[in-house]
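Notes follow the structure.
The values are calculated or read from the model by the stated rules, or taken from the named source; none is laboratory data. Owing to the predicted nature of the structure, the values given are computational and were not obtained by experimental measurement. Quick reminder, even Gly has a Cβ in these numbers, built from the backbone with ideal geometry, and neighbours come from all protein chains shown. Please note that ligands, DNA and RNA were not included when accessible areas were found on the heavy atoms of the full protein model with its side chains. Shrake-Rupley method; radii C 1.70, N 1.55, O 1.52, S 1.80 Å.
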Amino acid sequence: MHSAPASRDANLAFGPGKDAGANSPNHPKAQTMWPDRRLLELFRTEFPIVLAPMAGVMDADLAIAAAQGGALGSLPCAMLSVEKAREQVNIIRQRVSAPVNMNFFCHKPVDAEPKREAGWKARLAAYYRELGLDPAAPFNAANRAPFDAAMCGLIEELKPEVVSFHFGLPEPALVKRIKAAGSLVISSATIVREAIWLEENGADVIIAQGAEAGGHRGMFLTENIAEQPGTFALVPQVVDAVKVPVIAAGGIADGRGIAAAFALGAAGVQIGTAYLRCPESRVIAPARSALARARDDSTVITNVMTGRPARGVANRVMREIGPISTDAPAFPHAATALGPLKAAAEQLGRVDFTNLWAGQAVRLGREMPAAELTRALAGAALARLGQMAG
Ligand SMILES: Cc1cc2nc3c(=O)[nH]c(=O)nc-3n(C[C@H](O)[C@H](O)[C@H](O)COP(=O)(O)O)c2cc1C
């Protein structure tokens, strides 16, 4: 089952030779070696690894590949219509017999403020001129609608094993309907207070998302990004505060990180950035190059791309207007006026206006098929945990 690793990095892949050793995830003994098995039982996956849902840069293909490797495959639905989400889940179910996680945003929607939008457009006017674009031309805003009754209907129809949320949880009546459909409900916390709130409001599992994480902060009871603890500080404090299993997220990209998460009390990990350069992702070529060049200090937290703070590799607009700007309209409206700039620059092979969401461990990422990467991550983590146990 296990194919030869593409990387010689002992922290990511198995050592030389075949996977006959007890540290191989395919070795029967290895199946008992995870220090916490609650997630394996809840999710019924081979490994306690969740492929992070990553809206805009992945679809069914990456979820399928990660699931084939033994992880929980996640489908980001935040930018999909009901029809598209249904189609994608059907594709996953046709190609792999594994549990699936459907992921949604559940921010409180705010209407676009015309005055603020106009100010933001004025701020971007020089870029429009540079790219020969007409700022007055109408453009379609990308859909980033919060989870609603229609999507809940789709959950009831498809009954995914897991439904995960970013930015809190939907209203209690919807949470109740999801649970009645038999799906587990999970969501991200960036501080202990949010973790306690999630548990009290029905989360079956909590993702502790540290400041290192790529993408949007899942924060919903605070807006202060300066206060967000790192994964190392957050995970044990969340573990102490709640009874449900905790998944560590943020900056975890190899066996060392996964083993550390377990040492901190996590029952599993959610990994995003490390999967971005897999061939099954939808990351465009110039963004792949930017990710491949990125180093430990290449990412920043910015609000200029969407209006909500998110971590990504710094690009031109983040550097020149941000990374934090009080002019950026509220989420997700900041992204609207950036849309035409993004499209025009990408035509020229540039990522000046593209969300290059990635976490602080981006440099540890490898270009390798996602199934292989998943097995390599699990194998390296088991090897590291075995060493730590002496
Ligand atoms: C490119 C990218 C897109 C993301 N999009 C989403 C999303 O749609 N929904 C979500 O819940 N989390 C999203 N996240 C956050 C992840 O769930 C997770 O917290 C993060 O990837 C963990 O940190 P890491 O990137 O260092 O592994 C995204 C992360 C990245 C890197």
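Go through region 213-231 and give me each residue that's open to solvent by 40 Å² or more (accessible area, probe 1.4 Å) and within 13 Å of the ligand (Cβ to nearest atom).
220
I'd like to check something: does region 122-141 contain any residue that is touching a Gly at 6+ places or on another chain (Cβ under 9 Å), within 21 Å of residue 352 (Cα to Cα) and not polar (S, T, N, Q)?
yes
Under 9 Å between Cβ atoms, which residue pairs at least 6 apart in sequence (or on different chains) link something in region 122-140 that is in contact (Cβ under 8 Å) with a residue 12 or more places away in the chain and charged (D, E, K, R) with a partner that is part of a helix (DSSP H, G or I) and surrounded by 12 or more Cβ atoms within 10 Å (Cβ to Cβ)?
123/321; 123/337
Which of the residues spanning region 234-248 are hydrophobic (A, V, I, L, M, F, W, C) and either over 18 Å from residue 40 (Cα atoms) or open to solvent by 40 Å² or more (accessible area, probe 1.4 Å) (or both)?
Those that are hydrophobic (A, V, I, L, M, F, W, C) and either over 18 Å from residue 40 (Cα atoms) or open to solvent by 40 Å² or more (accessible area, probe 1.4 Å) (or both): 234, 235, 238, 239, 241, 242.
Mind listing whichever residues of region 238-256 are over 18 Å from residue 71 (Cα atoms) and within 16 Å of the ligand (Cβ to nearest atom)? Spell out the reasoning first.
Residues of region 238-256 that are over 18 Å from residue 71 (Cα atoms), as a first pass: 238-244.
If the condition is that a residue be over 18 Å from residue 71 (Cα atoms) and within 16 Å of the ligand (Cβ to nearest atom), then 238 is the only one that fits.
Okay, residues lined up against (1) closer than 20 Å to residue 78 by Cα; (2) in a loop (DSSP other than H, G, I, E, B):
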{"residue": "266", "(1), (2)": "no, yes"}
{"residue": "289", "(1), (2)": "no, no"}
{"residue": "312", "(1), (2)": "yes, no"}
{"residue": "318", "(1), (2)": "no, no"}
{"residue": "342", "(1), (2)": "yes, no"}
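Residues 280, 367, 372: which one is in contact (Cβ under 8 Å) with a residue 40 or more places away in the chain and within 15 Å of the ligand (Cβ to nearest atom)? Please lay out each step first, then the result.
Working: 367 fails: within 15 Å of the ligand (Cβ to nearest atom); 372 fails: within 15 Å of the ligand (Cβ to nearest atom).
After applying the criteria, what remains is 280.
Can you report the number of residues in region 257-277 which are of a type in the set (A, V, I, L, M) and within 10 Å of the ligand (Cβ to nearest atom)?
Qualifying residue count, region 257-277: 4.
Could you go through region 314-321 and let me know if any residue there is more than 20 Å from residue 341 (Cα to Cα) and either buried (at least 24 other Cβ atoms within 10 Å of the Cβ) or more than 12 Å from the ligand (Cβ to nearest atom) (or both).
no
Being open to solvent by less than 10 Å² (accessible area, probe 1.4 Å), within 12 Å of the ligand (Cβ to nearest atom) and modelled with pLDDT of 95 or more is the requirement here; does residue 49 meet it?
For residue 49, the condition - open to solvent by less than 10 Å² (accessible area, probe 1.4 Å), within 12 Å of the ligand (Cβ to nearest atom) and modelled with pLDDT of 95 or more - is met.
Tell me, please, whether a residue that is among the β-branched types (Val, Ile, Thr) and open to solvent by 20 Å² or more (accessible area, probe 1.4 Å) can be found in region 300-308.
To start, the set of residues in region 300-308 that are among the β-branched types (Val, Ile, Thr) comprises 300-302, 304, 306.
Imposing the further condition that a residue be open to solvent by 20 Å² or more (accessible area, probe 1.4 Å) reduces the set to 300-301.
Within region 300-308, one or more residues are among the β-branched types (Val, Ile, Thr) and open to solvent by 20 Å² or more (accessible area, probe 1.4 Å).
Are any of the residues in region 348-357 within 17 Å of residue 105 (Cβ to Cβ), at pLDDT 95 or above and open to solvent by 20 Å² or more (accessible area, probe 1.4 Å)?
So the first thing to find is which residues in region 348-357 are within 17 Å of residue 105 (Cβ to Cβ), and the list is 355, 357.
Then drop every residue that is not at pLDDT 95 or above, which leaves 355, 357.
Next, only the ones that are open to solvent by 20 Å² or more (accessible area, probe 1.4 Å) stay: 355, 357.
The answer is yes; a qualifying residue exists.
Residue by residue, here is whether (1) more than 16 Å from the ligand (Cβ to nearest atom); (2) open to solvent by less than 30 Å² (accessible area, probe 1.4 Å); (3) more than 22 Å from the chain's Cα centre (by Cα) holds:
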{"site": "45", "(1), (2), (3)": "yes, yes, no"}
{"site": "76", "(1), (2), (3)": "no, yes, no"}
{"site": "93", "(1), (2), (3)": "yes, no, no"}
{"site": "105", "(1), (2), (3)": "no, yes, no"}
{"site": "122", "(1), (2), (3)": "yes, no, yes"}
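Identify the residue in region 78-89 that is touching a residue at least 24 places away in the same chain (Cβ under 8 Å) and over 16 Å from the mean Cα position of the chain (by Cα) and, among all such residues, is most open to solvent (accessible area, probe 1.4 Å). Give the steps one after another, and end with the answer.
Residues of region 78-89 touching a residue at least 24 places away in the same chain (Cβ under 8 Å): 78-82, 85-86, 88-89.
With over 16 Å from the mean Cα position of the chain (by Cα) added as a condition, the list becomes 81-82, 85-86, 88-89.
Working: 81: 52, 82: 32, 85: 0, 86: 73, 88: 16, 89: 1 Å².
Step by step, filter region 78-89, then rank; the result is 86.
What tally of residues in region 141-175 results from selecting those that are within 16 Å of the chain's Cα centre (by Cα) and either farther than 23 Å from residue 332 by Cβ or β-branched (Val, Ile, Thr) (or both)?
2
Pairs only if they're at least six apart or on different chains, beta carbon under 7 angstrom, first in region 216-237 and over 12 Å from residue 250 (Cα atoms) and in contact (Cβ under 8 Å) with a residue 24 or more places away in the chain, second open to solvent by 50 Å² or more (accessible area, probe 1.4 Å) and not small (Gly, Ala, Ser); list them, first residue then second.
The qualifying pairs are 221/193; 221/197.
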